[in-house]
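Read the structure below first, then the notes.
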Amino acid sequence: MKRSDIGLRSRGLVIASLLAGSWRTAPPPLNLSPEDLDEITPLLYNSGAAALGWRRIRDTELSTIPSAEVLHQGYRLQALQVAISQSKIEIVHRLLQEARVDAILVKGWAVAGFYPELALRPLGDIDLVVRPADYEAVGRILARPEARGCWIDLHSGLSEFQDRSIDELFSRSHIVSLRDTQIRVLSLEDHLALLTIHLLKHGAWRPLWLCDIAAIVESLPNDFDWKICLGSDKHRGSWISASIALAHQLLGANINKVPLQARAKHVPEWLRESVLKQWGNLFPGDHLPVQPRPLMTNVLTSPRGILKETWERWPDSITATFNMRGRINNFPRLPYQLGDFSTRAGRYLIDYLRRAAART
Amino acid sequence: MNSKARIAKPIARKQGLVIQELPDEVLVYDLERDRAHCLNETAAFVWQRCDGQNSTTQIARTLGDQLNCEVDEKIIWLALDQLGRSYLLEKQPTAPPAMKGMNRRTMMRSLGIAVTVPLVISITAPTVQAASSCIGSGSPCTPGGIPCCANLSCSGPAGQQTCQ
């Protein structure tokens with residue numbers, strides 16, 4: 001392991017120990033030095049886990065050190081953000097209900113309810129899922145001045161779910177209330193599946209996402225239908241199980257309610273290590289697209305240039321496995337990374353040639 | 001204190017604010033200025049009683065009743081000064097001459113008080129991106145910061161980069 005990787009990994013481990021049980025009403029005791037907290041505070045703040053971090057240290061001696069104040073500020077900001085975001089969610093849903101269009105709110109606010117306080121979970125954009133037939137109409141509704149300032153991520157279906165139709169998602173969804181507004185959210189089975197797959201799709205770079213999974217797994221009702229959650233696609237089912245196992249291994253999530261068939265036999269070392277390195281990195285992988293022009297220029301001018309270019313665009317093992325629909329097992333990830341890189345390079349090359357042809 | 005200052009009846013601003021009450025402080029987000037403020041218990045107590053009906057003397061008395069001690073009116077004026085600087089008052093009465101130049105530190109020194117000295121602190125405005133999976137097309141980004149969504153990259157002149 002490279003020296004820089006050891007630093008990332010150890011920071012990732014400190015984050016894991018701080019966030020362990022942070023979603024519970026009574027989190028477990030904490031053993032962390034002020035130096036450790038200083039080192040991970042920027043990572044927590046930048047990744048949206050400041051409030052959870054503050055919750056873990058607020059009743060300890062660590063609460064008086066300067067880094068703690070940064071986390072405290074993060075908590076305060078999120079408390080305000082809850083009030084602002086909730087009013088925006090109400091505005092958006094009122095507009096949709098007036099137009100008699102149904103939408104499902106996913107992630108964000110729909111997950112925050114699993115924490116002891118809404119303010120512990122940052123609310124970002126409003127993710128809405130609509131039926132493909134409604135997509136354009138909803139786009140027009142949300143472009144109205146009343147929805148100005150509401151950052152909406154509108155989805156026509158969910159790419160994470162290729163094994164379940166949008167109608168299935170709607171039929172299993174249910175309504176929850178936000179003051180006087182009725183909000184449609186995914187069934188718990190579909191939501192847990194979405195969060196676990198979403199985690200891997202984005203390389204698991206936010207520790208908050210694993211806390212979400214842990215918070216839900218510990219809140220599952222007895223009639224939770226694992227067959228629906230795992231779905232019919234065996235690959236995706238294995239991803240869901242692996243994500244839950246990660247929440248157990250890294251954050252100590254209690255998986256007593258998870259039946260054997262939904263438990264991953266083990267978490268491969270590459271997956272665990274990759275997640276820890278992502279968490280320990282202040283600027284996790286912003287993988288640049290594989291642009292043919294700089295690649296070709298670098299091939300012609302400098303072999304070192306192409307190596308640098310390739311390194312900057314090299315996919316992490318989790319994202320590559322996801323993009324290549326790979327299995328989560330002990331085999332090396334290099335084939336998936338090569339495949340993912342080549343696929344992206346090919347896609348950009350075709351696009352580049354097409355645009356070049358259009359110009360001439 | 002002169003009589004004009006004695007009957008001062010401050011009014012708290014209500015419009016364009018998002019208010020969130022926490023167990024030991026009140027958070028206020030100013031939608032017009034995009035600024036967030038944190039009011040400690042004493043500052044929040046004073047602010048919540050600025051209704052145009054209560055005078056500074058009455059607010060001091062009410063605070064004293066709550067804390068079971070005598071509260072110097074200077075405490076109220078210090079809170080009003082900070083609330084006014086944070087644009088949280090509609091109507092800010094003119095401070096009496098005795099209050100001119102009084103800050104939090106000199107107040108603590110001169111009064112040796114049992115009451116928490118009022119404090120309004122500003123907090124950095126939240127960014128909605130702090131919770132997003134990735135940044136969408138055309139939105140501002142920072143190289144090495146929150147990643148752009150699939151097939152997009154953070155590019156453009158320094159300080160004006162967007163996901164493209």
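The values are calculated or read from the model by the stated rules, or taken from the named source; none is laboratory data. Everything numeric here is computed off the predicted structure, so don't read it as measured data. Glycine also receives a Cβ, built like all others from the backbone with ideal geometry; neighbour counts cover every protein chain displayed.
A few points about this structure:
- Residue B:43, sole failed condition from (1) more than 26 Å from residue A:82 (Cβ to Cβ); (2) touching a helix residue (DSSP H, G or I) at 6+ places or on another chain (Cβ under 6 Å); (3) surrounded by 23 or more Cβ atoms within 10 Å (Cβ to Cβ); (4) touching a residue at least 40 places away in the same chain (Cβ under 8 Å): (1)
- Answer residue from region A:307-360, given it is of a type in the set (D, E, K, R) and farther than 24 Å from residue B:154 by Cβ and is nearest to the other protein chains (Cβ to nearest Cβ) among those: A:325
- Residue match in region A:126-138 (condition: acidic (Asp, Glu), more than 25 Å from residue A:231 (Cβ to Cβ) and not in a loop (DSSP other than H, G, I, E, B)): yes
- Any hit, region A:105-116, residues being farther than 21 Å from residue A:212 by Cβ, among the β-branched types (Val, Ile, Thr) and within 14 Å of another protein chain (Cβ to nearest Cβ): no
- Region A:160-183 residues that are of a type in the set (Gly, Ala, Ser), paired with ones that are part of a loop (DSSP other than H, G, I, E, B) (beta carbon under 8 Å, 6 or more apart): A:173/A:186; A:173/A:187
- Selection of first residues in region A:249-270 that are charged (D, E, K, R) and modelled with pLDDT of 85 or more and of second residues that are part of a loop (DSSP other than H, G, I, E, B) and surrounded by fewer than 19 Cβ atoms within 10 Å (Cβ to Cβ), restricted to Cβ pairs under 6 Å at least 6 apart or on distinct chains, gives the following pairs, ordered by first then second residue: A:257/A:220.
- When every residue of region A:132-153 is checked against the conditions, at least one turns out to be farther than 17 Å from residue A:98 by Cα and within 17 Å of the chain's Cα centre (by Cα).
- Exclusive hit being more than 14 Å from every other protein chain (Cβ to nearest Cβ), more than 17 Å from residue A:107 (Cβ to Cβ) and touching a residue at least 24 places away in the same chain (Cβ under 8 Å), set A:137, A:143: A:137
- The lone exception for residue A:102 - which of (1) of a type outside the set (Phe, Trp, Tyr); (2) without any contact (Cβ under 8 Å) to a residue 60 or more places away in the chain; (3) surrounded by fewer than 21 Cβ atoms within 10 Å (Cβ to Cβ) it fails: (2)
- The residue list B:114, B:95 contains one member that is small (Gly, Ala, Ser) and at pLDDT below 70, which is B:114.
- Where helices (runs of 4 or more DSSP H) fall wholly inside region A:149-232, the ranges with 2 or more residues that are in contact with a Cys (Cβ under 8 Å, 6 or more places away or on another chain) are A:188-201.
- Residue in region A:65-77 that is within 14 Å of chain B (Cβ to nearest Cβ), among the hydroxyl-bearing types (Ser, Thr, Tyr) and touching a helix residue (DSSP H, G or I) at 6+ places or on another chain (Cβ under 8 Å) present: yes
- Residue within region A:7-30 that is assigned to a helix (DSSP H, G or I) and either acidic (Asp, Glu) or over 18 Å from residue A:252 (Cα atoms) (or both) present: yes
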